[in-house]
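Asker: Just passing along the structure, written as C-alpha coordinates.
The values are calculated or read from the model by the stated rules, or taken from the named source; none is laboratory data. Computed from a predicted structure; not experimentally measured. Please note: Cβ atoms are built from the backbone with ideal geometry, for glycine as well, and neighbour counts cover all protein chains shown. Areas reflect the complete protein model, heavy atoms only, side chains present, ligands, DNA and RNA absent. Shrake-Rupley method; radii C 1.70, N 1.55, O 1.52, S 1.80 Å.
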Amino acid sequence: MDAELARQVGSILLVFALLGAALWLIRRRGSLARAPWRERGRRVRSLSSIERVTLTAQHAVHLLRIEVQGEAREILLATHPQGCTLLNSAALPGEKIRNGAKGAGA
(Lines give C-alpha, C1' and ligand atoms only; values in the text may rest on other atoms or scores of the structure.)
Protein backbone atom coordinates (compact mmCIF):
# COMPACT_ATOMS: atom_id res chain seq x y z
CA MET A 1 0.00 0.00 0.00
CA ASP A 2 2.89 2.35 0.73
CA ALA A 3 4.46 1.61 -2.65
CA GLU A 4 1.22 2.48 -4.46
CA LEU A 5 0.88 5.76 -2.55
CA ALA A 6 4.49 6.66 -3.36
CA ARG A 7 3.83 5.87 -7.04
CA GLN A 8 0.77 8.12 -7.12
CA VAL A 9 2.56 11.00 -5.38
CA GLY A 10 5.52 10.56 -7.71
CA SER A 11 3.24 10.66 -10.75
CA ILE A 12 1.60 13.88 -9.55
CA LEU A 13 4.99 15.47 -8.89
CA LEU A 14 6.18 14.42 -12.35
CA VAL A 15 3.13 16.03 -13.99
CA PHE A 16 3.68 19.29 -12.08
CA ALA A 17 7.38 19.24 -12.99
CA LEU A 18 6.53 18.79 -16.68
CA LEU A 19 3.98 21.63 -16.53
CA GLY A 20 6.52 23.89 -14.82
CA ALA A 21 9.19 23.06 -17.39
CA ALA A 22 6.77 23.75 -20.26
CA LEU A 23 5.80 27.11 -18.76
CA TRP A 24 9.47 28.03 -18.21
CA LEU A 25 10.28 27.09 -21.81
CA ILE A 26 7.37 29.11 -23.21
CA ARG A 27 8.33 32.17 -21.17
CA ARG A 28 11.99 31.84 -22.11
CA ARG A 29 11.24 31.72 -25.82
CA GLY A 30 8.95 34.75 -25.48
CA SER A 31 5.84 33.33 -27.09
CA LEU A 32 3.72 34.57 -24.16
CA ALA A 33 4.88 38.11 -24.91
CA ARG A 34 2.87 37.97 -28.15
CA ALA A 35 -0.25 36.54 -26.53
CA PRO A 36 -3.48 38.39 -27.41
CA TRP A 37 -4.35 39.12 -23.78
CA ARG A 38 -1.04 40.96 -23.35
CA GLU A 39 -1.70 43.46 -26.17
CA ARG A 40 -3.78 45.87 -24.10
CA GLY A 41 -2.09 49.05 -25.26
CA ARG A 42 -2.57 48.35 -28.97
CA ARG A 43 -6.30 47.78 -28.84
CA VAL A 44 -8.71 50.65 -29.42
CA ARG A 45 -11.51 50.76 -26.91
CA SER A 46 -14.85 51.06 -28.66
CA LEU A 47 -16.93 51.28 -25.47
CA SER A 48 -16.09 53.35 -22.42
CA SER A 49 -18.04 54.36 -19.35
CA ILE A 50 -17.90 58.11 -18.81
CA GLU A 51 -20.04 58.38 -15.70
CA ARG A 52 -22.43 56.36 -13.53
CA VAL A 53 -24.99 57.71 -11.10
CA THR A 54 -26.63 55.30 -8.65
CA LEU A 55 -30.22 56.28 -7.99
CA THR A 56 -31.25 53.40 -5.71
CA ALA A 57 -29.77 50.02 -4.89
CA GLN A 58 -31.21 48.58 -8.11
CA HIS A 59 -31.45 51.67 -10.35
CA ALA A 60 -28.63 53.55 -12.05
CA VAL A 61 -28.02 55.90 -14.96
CA HIS A 62 -24.94 55.34 -17.15
CA LEU A 63 -23.32 57.69 -19.64
CA LEU A 64 -21.44 55.62 -22.21
CA ARG A 65 -19.25 56.55 -25.17
CA ILE A 66 -19.28 54.25 -28.20
CA GLU A 67 -16.86 54.55 -31.11
CA VAL A 68 -17.68 52.54 -34.24
CA GLN A 69 -16.28 52.94 -37.75
CA GLY A 70 -14.89 56.41 -37.09
CA GLU A 71 -18.07 57.77 -35.50
CA ALA A 72 -18.31 58.62 -31.81
CA ARG A 73 -21.63 58.52 -29.97
CA GLU A 74 -22.69 59.11 -26.36
CA ILE A 75 -25.54 57.09 -24.91
CA LEU A 76 -27.54 57.72 -21.73
CA LEU A 77 -28.76 54.38 -20.38
CA ALA A 78 -30.92 53.55 -17.36
CA THR A 79 -30.55 50.16 -15.68
CA HIS A 80 -33.24 48.63 -13.48
CA PRO A 81 -34.33 45.16 -12.29
CA GLN A 82 -36.41 44.60 -15.45
CA GLY A 83 -33.48 45.36 -17.76
CA CYS A 84 -32.18 48.58 -19.32
CA THR A 85 -33.70 51.52 -21.15
CA LEU A 86 -32.11 53.85 -23.68
CA LEU A 87 -32.85 57.39 -22.51
CA ASN A 88 -30.89 59.39 -25.08
CA SER A 89 -28.34 58.90 -27.84
CA ALA A 90 -26.33 61.64 -29.52
CA ALA A 91 -23.66 61.58 -32.21
CA LEU A 92 -20.58 63.63 -31.45
CA PRO A 93 -19.71 65.72 -34.51
CA GLY A 94 -16.05 65.86 -35.49
CA GLU A 95 -15.00 63.06 -33.12
CA LYS A 96 -12.92 60.33 -34.71
CA ILE A 97 -11.52 57.12 -33.28
CA ARG A 98 -8.07 57.73 -31.87
CA ASN A 99 -6.19 54.78 -33.31
CA GLY A 100 -2.41 54.85 -33.47
CA ALA A 101 -2.39 53.27 -36.94
CA LYS A 102 -5.03 55.60 -38.42
CA GLY A 103 -3.91 58.74 -36.66
CA ALA A 104 -0.21 58.34 -37.50
CA GLY A 105 -0.58 59.85 -40.97
CA ALA A 106 -2.74 62.79 -39.85
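Asker: Could you list, in sequence order, the residues of the stretch 36-56 that are under 30 Å from Ala72 (Cβ atoms) and modelled with pLDDT of 70 or more?
Answerer: Ser46, Leu47, Ser48, Ser49, Ile50, Glu51, Arg52, Val53, Thr54, Leu55
Asker: So, one more: Run Gln69 past the list (1) at pLDDT 90 or above; (2) loosely packed, with under 10 Cβ neighbours inside 10 Å and report the number of the one that doesn't hold.
Answerer: With respect to (1) at pLDDT 90 or above; (2) loosely packed, with under 10 Cβ neighbours inside 10 Å, Gln69 is out only on (1).
Asker: Which residue, of Ala17, Ala33, is at pLDDT below 95, out of contact with any strand residue (DSSP E or B) (no Cβ under 7 Å at 6 or more places or on another chain) and either surrounded by 10 or more Cβ atoms within 10 Å (Cβ to Cβ) or in a helix (DSSP H, G or I) (or both)? So that I can check it myself, show each step before the final result.
Answerer: Numbers: Ala17 fails: at pLDDT below 95.
On inspection, the qualifying residue turns out to be Ala33.
Asker: May I pose another question? Among the residues that make up the stretch 1-13, is at least one of them at pLDDT below 85, open to solvent by 100 Å² or more (accessible area, probe 1.4 Å) and out of contact with any His (no Cβ under 7 Å at 6 or more places or on another chain)? Break it down into steps so the answer makes sense when it comes.
Answerer: Just the residues of the stretch 1-13 that are at pLDDT below 85, to begin with: 1.
Remaining after also requiring open to solvent by 100 Å² or more (accessible area, probe 1.4 Å): 1.
Next cut, out of contact with any His (no Cβ under 7 Å at 6 or more places or on another chain) only: 1.
Yes; the residues of the stretch 1-13 include at least one that is at pLDDT below 85, open to solvent by 100 Å² or more (accessible area, probe 1.4 Å) and out of contact with any His (no Cβ under 7 Å at 6 or more places or on another chain).
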